[in-house]
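Here the structure is laid out as structure tokens; the discussion comes afterwards.
Just so it is clear, none of the values below were taken in a lab; they were calculated from the coordinates. Predicted model only: the values in this text are computed from it and were never measured. Because the Cβ atoms are built from the backbone with ideal geometry, glycine has one as well, and the counts that use them run over all protein chains shown.
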Amino acid sequence: MPALDAERVVELAAKSLFDVFNHTAMGTMVVDRSHRIVWISDGYKRFLPALGHAEADFVGQRVEEVVPNTLMGQVVDSGKPILVDLLTNQAGTFLVSRLPLKNDAGEVIGAVGYVLLDHPETTMQPLLAKFGRLQGELDAARREIAQARRPKHSLAGFIGSSAAALEVKRLARRVALTASPVLLLGETGTGKELLAHGIHAASRRAGRAIVSVNIAAVPDTLLEAEFFGVAPGAYTGAERAGREGKFKLADGGTLFLDEIGDMPLALQAKLLRALQEQEIEPLGSNKVERVDVRVIAATSRDLPAMVAEGTFRADLYYRLNVLPIHLPPLRERIEDLEALVDALGDDIARRSGMASKSLTPDALDLLAAQPWPGNIRELRNVLEQATLMTDDVQLGAPHFAAALRLAAQGEEAQVVSARTAAPLAAPPVERLRPLAEQVSEVEDAAIAAALEATGGNRVAAAKLLRMSRAALYAKLARRPQRITVTR
Ligand SMILES: Nc1ncnc2c1ncn2[C@@H]1O[C@H](COP(=O)(O)OP(=O)(O)OP(=O)(O)O)[C@@H](O)[C@H]1O
Ligand SMILES: [Mg+2]
């Protein structure tokens with residue numbers, strides 16, 4: 001038998017491969033140089049109804065006009081195959097393969113596309129599930145990186161260009177250059193903690209740690225050890241090895257004393273000494289240790305009034321009050337509202353993975369007319385609720401009317417939830433966590449119990465909890481993963 005020449009073998013291989021694919025693939029399509037569909041296999045025809053076309057108005061069309069999300073055109077233009085890909089459109093999800101077709105001169109004359117599997121979601125379920133999970137992890141990692149990069153902890157992250165905000169930033173930059181204690185005064189949610197981080201970041205201590213103590217969150221009896229540490233052997237048991245205090249941990253850096261107005265009188269004298277001498281004495285030790293710590297203190301309480309009534313030491317107050325910065329409430333710098341809404345909105349979008357939403361002028365007017373007792377923290381919450389409650393990309397006054405009503409209703413709902421929850425019998429140390437965190441746990445438990453009782457019926461659950469359905473939906477949207485109904 002005469003040997004077939006190599007060219008003929010290749011030709012036959014190409015032809016039989018084409019035939020084999022045609023028979024085993026669910027569908028085949030060929031397009032020409034100008035992306036026009038020139039031929040489809042009988043198998044392919046079954047997809048036409050779902051794509052919304054008859055054969056007559058399909059063949060002859062440019063492929064991108066009749067097959068959403070196709071990459072056939074890209075294969076033609078680049079001359080590069082896409083061996084395996086998932087294509088999703090209204091007809092379903094398909095495992096596809098796309099190869100360029102070339103003439104003898106090697107020029108691309110079109111492309112052939114195969115639908116290898118038309119229900120990859122069933123046959124390839126494990127693979128797709130893994131892909132979905134990895135994609136989710138990737139998105140989360142990307143969000144985290146974006147978040148770490150944002151200037152939250154620099155003075156640039158303190159948004160506002162009103163005279164009052166600019167003055168705050170000017171003072172912050174000035175005090176950053178000194179080593180003296182700084183006192184941040186202002187209502188709740190005005191950005192004291194944010195500013196403390198900004199001052200640290202702008203100071204020569206930026207390379208070292210900023211260590212925070214929330215004085216209101218630590219029981220009085222533990223505060224001394226928290227501040228100054230415990231010498232080894234001072235106690236038996238867990239503390240035998242000793243423990244470093246926050247002053248020591250902040251050595252070379254900044255110590256942020258939050259809620260300084262809650263400092264017990266007995267400890268105020270020791271704090272004053274540590275501030276003046278830059279020396280600390282761990283509990284159970286008779287040796288003093290030198291530390292180099294810049295203190296930034298913050299409070300929303302009226303320290304002069306506390307001095308007057310004898311609950312805050314005058315000498316400590318004067319020592320801390322060398323460089324006071326007053327943070328204005330939001331209602332006194334309402335001209336910053338729009339910039340704040342933009343910045344907070346971007347942040348909310350980044351964290352939730354949703355697109356940023358814009359506000360209509362009447363929404364901005366409505367927000368500008370609010371008293372904002374919770375200041376920027378409250379503004380953030382309201383924005384977050386309005387954003388999550390709707391799919392609309394633009395937020396108008398009605399969206400906020402609901403969120404603002406919710407803010408007012410929020411307290412009411414929390415009281416109801418607390419009443420329906422089991423009595424709080426946890427040991428006291430369990431309670432020494434942020435109140436908001438505890439309240440939201442009680443809320444979650446109450447909502448889960450109500451959903452359980454109503455078999456997952458949200459309308460009925462909202463009635464049981466005596467809250468509006470919108471309020472319940474908002475809460476579910478905010479923490480979907482934490483509220484789980486077990487059956
Ligand atoms: N000027 C600002 N620009 C951008 N975000 C701000 C600004 N001020 C406050 N925020 C944001 O508002 C929230 C509350 O701010 P922060 O925790 O600093 O307030 P605070 O004064 O420490 O409140 P509290 O007295 O209740 O502890 C944070 O999410 C913070 O990032
Ligand atoms: Mg604070």
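Altogether, the Stokes-Einstein calculation at 25 °C and 0.890 mPa s, with the Kirkwood radius of region 238-351 over Cα pairs as Rh, returns a diffusion coefficient of 144 µm²/s. With contacts taken as Cα pairs under 8 Å at a separation of at least 6 residues, the chain carries a relative contact order of 10 percent. Every helix of 4 or more DSSP H residues in the chain counts as -39500 (n - 2.57), and over all residues that averages to -14000 deg cm²/dmol at 222 nm.
Modelled label positions at Lys15 and Lys80, each set 7 Å beyond Cα in the direction of Cβ, lie 3.3 nm from each other. Excluding Glu289 itself, calculate the net charge of residues whose Cβ lies under 12 Å from the Cβ of Glu289, where each Lys or Arg counts +1 and each Asp or Glu counts -1. Neighbour charge sum, excluding Glu289 itself: -3. Is the chain rounded, prolate or oblate when judged by the Cα gyration tensor, a ≥ b ≥ c being the square roots of its eigenvalues, rounded requiring a/c under 1.5 and prolate requiring a/b larger than b/c? Judged from the Cα gyration tensor, the chain comes out prolate (a/c at least 1.5, a/b above b/c). A straight Cα-to-Cα reach below 18 Å connects Lys287 with the lysines Lys246, Lys248, Lys270, residues fewer than 8 places away in its own chain not being considered.
Taking the longest Cα principal axis of the chain as reference, the axis of helix 435-453 is set at about 50 degrees. From the alpha carbon centroid of region 46-112 to that of region 314-393 is 49 Å.
Stretched out straight at 0.36 nm per residue, the stretch from Ala266 to Ser300 would grow longer than its current Cα-Cα span by 10.2 nm. Taking a straight line from the alpha carbon of Lys357, these lysines sit under 22 Å away, with near neighbours fewer than eight places off in the same chain left out: Lys152, Lys475. Between 0 and 90 degrees, the angle of helix 192-202 with respect to the longest Cα principal axis of the chain falls at about 80 degrees. Computing FRET efficiency as 1/(1 + (r/R0)^6) for Ala401 and Ser352, where r is the C-beta to C-beta distance and R0 is 22 Å, gives about 0.55.
Measuring r between the beta carbons of Glu65 and Ala339 and using R0 = 35 Å, the FRET efficiency lands at 0.20.
Below 24 Å, Cα to Cα, which lysines can Lys15 reach? Residues fewer than 8 away in the same chain don't count. Reachable lysines: Lys45, Lys80, Lys102.
If I fit a long axis through the Cα atoms of helix 265-277 and take the longest principal axis of the Cα atoms of the chain, what angle between them do I get, 0 to 90°, rounded to 10? On a 0 to 90 degree scale, this one is about 80. Ranked by the mean number of other Cβ atoms within 10 Å of their residues, highest first, the peptides 17-24, 371-378 come out as 371-378, 17-24. Estimated at 0.36 nm per residue, the fully extended path between Ala50 and Ala453 surpasses their Cα-Cα distance by 140.9 nm. Here the extension length gained between Ala477 and Met124 equals 124.0 nm, from 0.36 nm per residue of separation less the Cα-Cα distance.
Residues of region 91-125 falling in the label zone of Gln135, defined by backbone nitrogen less than 15 Å from a point 7 Å along Cα to beta-carbon, are 92-96, 120-122, 124-125.
Only beta bridges with both residues in the chain are counted; by DSSP, about 55 percent of them are antiparallel.
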